[in-house]
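Here's the structure we're looking at; comments come further down.
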Amino acid sequence: MEEDIGYRISFSSLCFINDHIGFHGTIKNSPSDFIVIEIDEQGQLVNKIIDEPNSKISKIPLEPNNFAKKQKLDLQDSSSEDGSNQESTTLMKCSSGYQNHQSALGKEDTVSDGTCKCEDKADVLSSILDEKTNELLHQFAYDIKEKWNSKTELIGPSPEFSLGRILDKSQRAILHSAIRQKYPFLITVGKNSEIVVKPNLEYKELCQLVSQEEAFDFFKYLDAKKENSKFTFKPDTNKDHRKAVHHFVNKKFGNLVETKSFPELNYNSGSSSLVVTVRFREKAHNHRKRSLPECQERKVIHTAFTLRKENLEMFEAVGFLAIKLGVIPSDFSYAGLKDKKAITYQTMVVRKVTPERLKNIEKEIEKKRMVVFNIRSVDDSLRLGQLKGNHFEIIIRNLKNQTNDSANLRERISEAIENVKNKGFVNYYGPQRFGMGRKVHTDQIGLALLKNEMVKAIKLFLTPEDLDDPVNRAKKYFLQTEDAKGTLSLMPEFKVRDRALLESLHRFGMTEEGCIQAWFSFPHSMRIFYIHAYSSKIWNEAVSYRLATYGSRVVEGDLICLDKDINDEHFPNSKVHLVTEEEEESNAYAIHQVVLPVLGYNIQYPKNKVGQWYHEILNRDGLQTCRFKVPALKLNIPGCYRQILKHPHNLSYQLMEDHDMDVKTESSNITETALSLLISFDLDASCYATVCLREIMKHDV
């Protein structure tokens, strides 16, 4: 890859706050040289094993296994693969009166032993309907199925069968459910107190796409309406066919359910076939008061865990876990993003997955350089910024002076570290936030999204690097052809984000609306990440301009935070104060109290040259009328404030001789033992260790 010269120039132009000389060295020689451990809101390192002797995971109710093999279907058994409630189980009791037509109704209508499941030898239909009506209903169902099986078209109006008037409301409800569960190829319609039975033409239509067994099971799943449950069609290698299944389900039932494609979990064969998974959409909670049992029943399962990953991008890790657990990436929440080339520990929460289910995949994900532990049930998801900070343990290797002078390297290193420990560092967003080393940076994508240039944003995301590898060959093919289907066949499976985007483009097209839908294949946290990257880039430029213009003085029109102890960026406008002329003259505030706004719709700008600079930059980028809301992507960016200086906490360091990396000095041929620096420190949330190291070493790292 060609070096990203333009970006390096931009980052190199950022300011320093200390005046020591610094030194050279290399970081991230290997992931183990850069260890990041999240610090939770209680100030605890999340890599410590939580000892909870009183908690027993086995007491937590099991969730349905989304990839479990389907049981053989049975018309008289109402429990679909996700299970069902006690009432619908009771509804499916059967009597021997229906044995005559079992074979005619089809293979899937009987249990594996050819008999009906019976409980107290009574069918709920028989208990409500008289014997003649019950038999006529069964004959009606038999006739419909026979005509469909024989490919005979139903001529004229859709046939109907009336059960007559059922005056008792509760009995009508039971009959509606019992008939739909027993005969999913039929539908029931209420006319006053009368129940009319008709063929379910949507069932017939689905049978043209999938097997009768799958159609039967799918409509039983729909009717059970069990919240948080899922239904999975059989593995399918035909992309066009999967697309047709997606289209059918979304067209007919899109207001009730949503569909996603997931790779089939076939670890032995390495098959790349996918399965179409259906799940109920979340219902908006109404505001009526519910009883405690109701609230407990509606409560969504949340499982927290500590994730250790090594040399793995954050979104790739989440995508991989989502596939293994049969959920979607947006079901995961976390407090912050973590470096790729590092060993990182962080807390995550996944919705709709029990601790048992997560524990079941522990061995599988180890192959992907991930470990999960501290698995436990919690009440809610995490939000970005919900942490106190991060602890870093870093090794800087191959240390040497910046110039060819004979200064004592050990003294120079000690001086640099002590300076930053006491005076702090400029709190820039680190280069990894912008995708350093790439042709297209994340802030460029964010700017396109803010300007509602959805197609341009997609093309920027899929811009290839100057590398001849499968990923970049796939991207080059897409930009040349805009053929999402063909690009999918070229894109490696591990590129979870890219494939999700391409699948949506294949489904919806490369139009403006299609690209909007494609962005929804990413979770909200990732969609907004790109816009935050743009805001971060502007903030970096703003703080450089502020320090170049006013230095370390606090001047009139500056913004300062009234709170003495700040460890995150999200504090309200009420805590931001505009420095007056009198306060400037009396030196009422120190430079470490100064904050600058991170762009958004709910911020105020400094009332000096810096504020004017912000407006000029927005005009430059075509955002003079931007409200920092992207309704098409459901993104609202309120903005926040960020301190221009920060200090590392609990800083300690140790110089070590690295005998495996002996070097020759340039002034002589004498071989010296290379020095390495082991440094550890804590940083507040949203601070970057690479930026702190840049201030210490006085060069880009």
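The values are calculated or read from the model by the stated rules, or taken from the named source; none is laboratory data. In this text the structure is predicted, and so the values were computed from the model without any measurement. Virtual Cβ from ideal backbone geometry, glycine too; neighbours counted across all protein chains shown.
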Requested in this report: Could you look through region 490-523, keep only residues that are among the β-branched types (Val, Ile, Thr) and over 20 Å from Leu337 (Cα atoms), and pick out the one that is nearest to the chain's Cα centre (by Cα)?
Outcome: Ile516
Requested in this report: Search region 186-224 for residues being touching a Ser or Thr at 6+ places or on another chain (Cβ under 9 Å), among the charged types (D, E, K, R) and outside any strand (DSSP E or B), and hand back the single one that is surrounded by the fewest Cβ atoms within 10 Å (Cβ to Cβ).
Outcome: Asp223
Query raised in the report: Going by the conditions given, is Leu479 more than 23 Å from Lys338 (Cα to Cα) and surrounded by 16 or more Cβ atoms within 10 Å (Cβ to Cβ)?
Result: no
Requested in this report: Quick one: which strands (runs of 3 or more DSSP E) lie wholly within region 564-651 and hold at least 1 residues that are buried (at least 19 other Cβ atoms within 10 Å of the Cβ)?
Outcome: 594-598, 640-643
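Taking the stated definitions as given, is Asn408 under 30 Å from Ile21 (Cα atoms) and either small (Gly, Ala, Ser) or surrounded by fewer than 19 Cβ atoms within 10 Å (Cβ to Cβ) (or both)?
yes
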Query raised in the report: Which residues, counting only those in region 551-563, are crowded, with 18+ Cβ neighbours inside 10 Å and under 14 Å from Glu584 (Cβ atoms)?
Result: Val554, Val555, Gly557, Asp558, Leu559, Ile560
Requested in this report: Search region 465-476 for residues being in contact (Cβ under 8 Å) with a residue 24 or more places away in the chain and buried (at least 17 other Cβ atoms within 10 Å of the Cβ), and hand back the single one that is farthest from Leu645 (Cα to Cα).
Outcome: Ala474
Report summary line: Picking from Gln171, Gln181, the residue that is surrounded by 15 or more Cβ atoms within 10 Å (Cβ to Cβ), more than 23 Å from Asp217 (Cβ to Cβ) and either modelled with pLDDT of 85 or more or out of contact with any Phe, Trp or Tyr (no Cβ under 6 Å at 6 or more places or on another chain) (or both) would be Gln171
Query raised in the report: For Phe332, all conditions in the list (1) more than 26 Å from Phe280 (Cβ to Cβ); (2) under 20 Å from the mean Cα position of the chain (by Cα); (3) of a type in the set (Phe, Trp, Tyr) hold save one; what is the number of the exception?
Result: (1)
**Report entry** Which listed residue, of Lys459, Lys400, Lys439, is among the charged types (D, E, K, R), within 38 Å of the chain's Cα centre (by Cα) and over 16 Å from Ala533 (Cβ atoms)
**Finding:** Lys459
